Every structure is written in C-alpha cells, then in structure tokens.
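Here's the structure, in structure tokens; my notes come after.
Values in this text are rule-based calculations from the coordinates and carry no lab data. Note that the structure is predicted; figures quoted are calculated from it, not measured. Glycine gets a Cβ as well: all are built from the backbone with ideal geometry, and neighbour counts include every protein chain shown.
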C-alpha cells in the first residue's frame, strides 16, 4: 500500500515538473520573440521584404508550437529552423515535389 502511494506521488511530481518545463508563448509577443530569435541565431536578412517573409514563417511556426504544447503529447520549442519558409525547409530536407506543387 505504501509502495503504491509513493509511486503515485512520484508520478504526480514528475508530471508537474515536466509541465513546468514546457515553453509557454503568447502569440501577441511574436515581434519580441522574433527579435530575440534573430539575436540568438544571428539572423540577418537581405532586405525588409525578406525579413517580412521570414517573420511570417516564424509566426506560423510559433502558432504551431503553441498548439502542439497545449496538446501535451510532446514539447515543441523555438529552434534555428523557426523562420524557415516551407520552401526552405523542404529544400533543406531534399524534398522534391511534383511539378506545379510549391509546398507540402
């Protein structure tokens, strides 16, 4: 009985600790998070237009991170690929799409 109680308590503590380690982002903070991302990963863009495209990709990825973390199946976070467009990500992975298709 005591052993079962201890195991249950340890499981609860482990679950609580793992939930605390999940990054929690607010989409309204995307501009601030993007500036931090650029600094952390030393990102520089060729033009304002290029930066805008990568910011939009970053926001799309941030929304996915927020959604994935809310499900609790695994932990997602901002990484060095967070500003990649679909085309850049697919190119990096060597994906070849049929003619007429731009992204997956």
Original post:
For the residue pair residue 79 and residue 22, what label-to-label distance in nm results when each label sits 7 Å from Cα along the Cα-to-beta-carbon direction?
Top reply: 1.9 nm
Original post:
How much space per residue, in cubic angstrom, does the convex hull of the C-alpha atoms of the range 25-104 take up?
Top reply: 120 Å³
